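Student: Would you mind keeping the following structure in view while I ask a few things?
The values are calculated or read from the model by the stated rules, or taken from the named source; none is laboratory data. In this text, all values refer to a predicted model and were calculated from it rather than measured experimentally. FYI the Cβ positions are ideal-geometry reconstructions off the backbone, even for glycines, and counts take in every protein chain you see.
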Amino acid sequence: MRVISQSTTADLDAAPRARRRRPAARSLTGEDLTLRAAYRLCRRTTRQHDPAIHALIQLMPAVLRPAGWALWAAASVLDDLADQRDAEPAERAARVEAWTEALQHDLAAGTSTDPVRHALVHTALRWRLDLSGLQGAMISTRDDVHGRRFADWTEWRAWCNEGITPWVDQVRHLFEQAGAPMTLRLDRRVDYERFIDGAQLTDILTDLGPDLGQGLLLLPQEALDACPGAEGDLRQGRWSPATAALIGAMTDLARQWVTRPAMTTGMHPGAATVLDTSACLLRAQLDAVDAAGPALLKRAPRPSLVARARILTPARIRSRLAWSLTPLTVPGPRRPAVNASGPSPAAEDTALRPPPPRPDGARPPQIDADRMPSHVAIIMDGNGRWAEQRGLPRSEGHRAGTAAAHEMVYGALEIGLRHLTLYAFSTENWKRGTEEITTILEAIRRDLDEGPIRDLDVRQRWSGRPGKLPEELVRALMREERRTHARTGLTLTVCINYGGRDEITRTAAALAQAAQAGDVAPHLISEDDFARHLPHPDMPDVDLLWRTGNEQRTSNFLPWHATYAELHFTPDHWPDVDRRDLWRAITEYSRRQRRHGAALPSPPLRRSPRN
């Protein structure tokens with residue numbers, strides 16, 4: 001399929017009137033006409049399924065709007081397939097799975113006979129979207145047909161993050177590709193996550209009546225139990241004082257979650273306008289839910305046209321001005337695979353390869369599953385001293401250390417380790433020379449862009465503060481997090497501009513903010529509450545903490561997670577180690593007795609034989 005020019009599809013909605021009247025410079029081919037029709041269908045689908053989303057897409061630059069329509073139309077089609085009541089749940093799940101599998105085939109072929117998938121494939125090819133990140137969201141939609149019940153807000157948020165966030169992240173990637181990134185400050189990630197939670201909760205409250213008609217109640221049991229009697233009344237379709245109290249509490253909570261003004265601090269004004277307007281529309285929707293009263297159980301309420309106009313009119317003016325002053329980047333055409341059996345560029349992430357073997361043929365030892373650590377953390381020490389011993393600048397030691405880091409990843413994959421955390425740059429490392437700091441950070445960025453672990457089954461993420469770090473490094477780190485978040489092999493966390501005390505301090509601040517907002521009761525705060533507010537709440541405790549370089553201290557590294565870690569210190573400088581050293585460390589760990597404060601059982605007493 002030939003990728004058509006920008007002028008053919010990009011301004012289907014927003015091209016100047018004079019330009020629309022101008023005769024076409026060339027006749028459109030059948031493929032061009034088919035693609036235009038596909039995007040128009042996506043636009044109509046988005047507008048009919050969710051007018052608020054359609055209005056927000058209209059605030060995007062004209063060149064990005066067709067891509068926005070394609071993404072949300074695809075999400076809408078999947079939702080509709082999951083919600084069809086003309087079939088049993090198993091049949092509906094099969095329809096969602098068939099559509100998802102067909103998309104993978106279409107991505108490989110570079111085209112589709114289905115108009116929505118046709119537009120989505122074109123969008124993925126044109127804007128370099130990695131649609132593999134949507135796999136988890138599509139699986140979540142398939143599983144939704146069987147109904148959902150959530151014990152608490154933690155389970156509810158996990159569902160929300162799995163089903164909604166990947167679609168929003170695709171839109172953020174569009175802005176990034178166009179040169180106007182919707183950059184989120186990493187110290188505002190909680191704001192971003194709560195905003196997504198608030199949008200989902202608003203959607204659930206809006207569709208409460210239709211969902212109840214299908215037997216669905218998508219609020220967590222924790223929230224329902226807070227208003228005794230409300231669940232029974234809702235399932236019976238009764239509006240009662242308990243129901244009114246529950247709806248009032250939920251709308252207040254959703255309004256609090258979507259009101260995150262600091263989230264857009266430092267963001268491009270056009271992208272910030274989209275998010276700020278989204279928050280305003282969500283609050284208007286919550287006002288409509290509040291005002292609906294008993295009618296909420298019968299139909300979905302909508303804000304008035306006047307309320308929408310008050311929000312959208314100034315937003316359109318601001319966005320038009322912002323985009324008029326912004327030179328945007330439009331990627332050139334990208335060819336799909338030659339045939340359906342080969343990998344498509346948009347699906348490159350699915351072609352994962354195994355780690356390269358050791359040149360000497362060494363293989364990992366066999367460790368019993370119950371003796372294997374789940375999480376190994378490494379302080380990669382001795383790069384500078386390694387270089388100095390060889391008469392080289394310290395910066396050369398950090399370059400050599402990159403190869404050792406690759407070896408650790410290879411070895412972790414081969415032995416079946418689930419979590420590996422590397423201490424790459426601490427908050428104290430800013431005291432070093434400018435050349436050394438520059439070398440370290442540039443080596444990390446280059447490795448993210450070109451390194452050999454990009455095509456391995458490794459989920460990459462980082463921990464640390466974004467402040468002081470070069471913006472291009474932060475973007476590369478966030479890009480790799482998004483690109484690899486659905487991978488199921490090794491989880492590699494790289495600590496950059498990280499300090500353990502700083503992490504604990506920030507977590508305490510987040511927990512205090514949650515307590516102030518009423519999310520947790522201060523007198524009932526537990527270790528689990530604290531852990532949920534860490535930057536990576538799903539990071540398991542460290543089982544084995546290893547430090548190279550002949551030093552024996554933990555240097556402010558993962559103090560919360562490493563409380564019960566087994567410590568392992570070795571004399572070799574970091575550039576001299578390889579995966580075999582990791583295997584030796586794990587082997588030694590497997591021989592240790594871990595008590596976690598308990599005493600070892602006493603050996604049985606040996607009785608003297610009777611005469």
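Student: Take the residues of the stretch 400-449 that are closer than 18 Å to Met380 by Cα, out of contact with any Cys (no Cβ under 7 Å at 6 or more places or on another chain) and hydroxyl-bearing (Ser, Thr, Tyr): which is surrounded by the fewest Cβ atoms within 10 Å (Cβ to Cβ)?
Tutor: Thr438
Student: Now, a different point. The conditions are (1) assigned by TED's automatic domain parsing to the domain that holds His49; (2) in a helix (DSSP H, G or I), and Ala87 fails exactly one of them. Which is it?
Tutor: (2)
Student: For Leu511, indicate whether it is touching a residue at least 12 places away in the same chain (Cβ under 8 Å), within 25 Å of the chain's Cα centre (by Cα) and not in a helix (DSSP H, G or I). Steps first, answer last, please.
Tutor: Values: touching a residue at least 12 places away in the same chain (Cβ under 8 Å): yes; within 25 Å of the chain's Cα centre (by Cα): yes; not in a helix (DSSP H, G or I): no.
No: the conditions fail for Leu511.
Student: Does any residue in the stretch 521-536 that is basic (Lys, Arg) come within less than 8 Å, Cβ to Cβ, of a residue that is surrounded by 10 or more Cβ atoms within 10 Å (Cβ to Cβ) six or more places away or on a different chain, and which pairs are these?
Tutor: Arg532/Thr154
Table: residues versus (1) within 28 Å of the chain's Cα centre (by Cα); (2) over 22 Å from Asp211 (Cβ atoms); (3) crowded, with 23+ Cβ neighbours inside 10 Å; (4) at pLDDT 95 or above.
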site: Arg26; (1), (2), (3), (4): no, yes, no, no
site: Pro51; (1), (2), (3), (4): yes, no, no, no
site: Ala62; (1), (2), (3), (4): yes, yes, no, no
site: Leu78; (1), (2), (3), (4): yes, no, yes, no
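Student: Further, regarding this structure: Have a look at Arg128, Arg117, Arg142, Arg157 and point out the one that is under 20 Å from the mean Cα position of the chain (by Cα), charged (D, E, K, R) and within 30 Å of Pro61 (Cβ to Cβ).
Tutor: Only one candidate passes the filter, namely Arg128.
Student: So in the stretch 555-596, with the set limited to residues that are part of a loop (DSSP other than H, G, I, E, B) and among the aliphatic types (A, V, I, L, M), which one is nearest to Pro355 (Cα to Cα)? It would help to see each step written out before you state the result.
Tutor: Of the residues in the stretch 555-596, the ones part of a loop (DSSP other than H, G, I, E, B) are 555-565, 570-573, 577-578, 591-596.
Filter again for among the aliphatic types (A, V, I, L, M), leaving 558, 562, 565, 577.
On the way: Leu558: 27, Ala562: 28, Ala565: 27, Val577: 17 Å.
Result: Val577.
Student: Leu545 - would you say it is crowded, with 19+ Cβ neighbours inside 10 Å, in contact (Cβ under 8 Å) with a residue 24 or more places away in the chain and in the same structural domain as Thr491 (by TED's automatic domain parsing)?
Tutor: Yes, satisfied.
Student: Can you find, within the stretch 92-113, the residue that is nearest to Gln135 (Cα to Cα) among those that are surrounded by 13 or more Cβ atoms within 10 Å (Cβ to Cβ) and among the acidic types (Asp, Glu)?
Tutor: Only one residue tops the list, namely Glu97.
Student: Continuing with the same structure: Among the residues of the stretch 361-392, how many are under 30 Å from the mean Cα position of the chain (by Cα), buried (at least 22 other Cβ atoms within 10 Å of the Cβ) and polar (S, T, N, Q)?
Tutor: 0
Student: If you don't mind, there's one more thing I want to ask. Can you name the residue in the stretch 393-407 that is of a type outside the set (Gly, Ala, Ser) and part of a helix (DSSP H, G or I) and, of all such residues, is farthest from the chain's Cα centre (by Cα)?
Tutor: In this case the residue turns out to be Arg394.
Student: Moving on. Scan the stretch 141-160 and tell me whether some residue there is outside the structural domain of Gly198 (by TED's automatic domain parsing), farther than 21 Å from Leu217 by Cβ and among the aliphatic types (A, V, I, L, M).
Tutor: Within the stretch 141-160 (the criterion being outside the structural domain of Gly198 (by TED's automatic domain parsing), farther than 21 Å from Leu217 by Cβ and among the aliphatic types (A, V, I, L, M)), the answer is no, since none of the residues qualifies.
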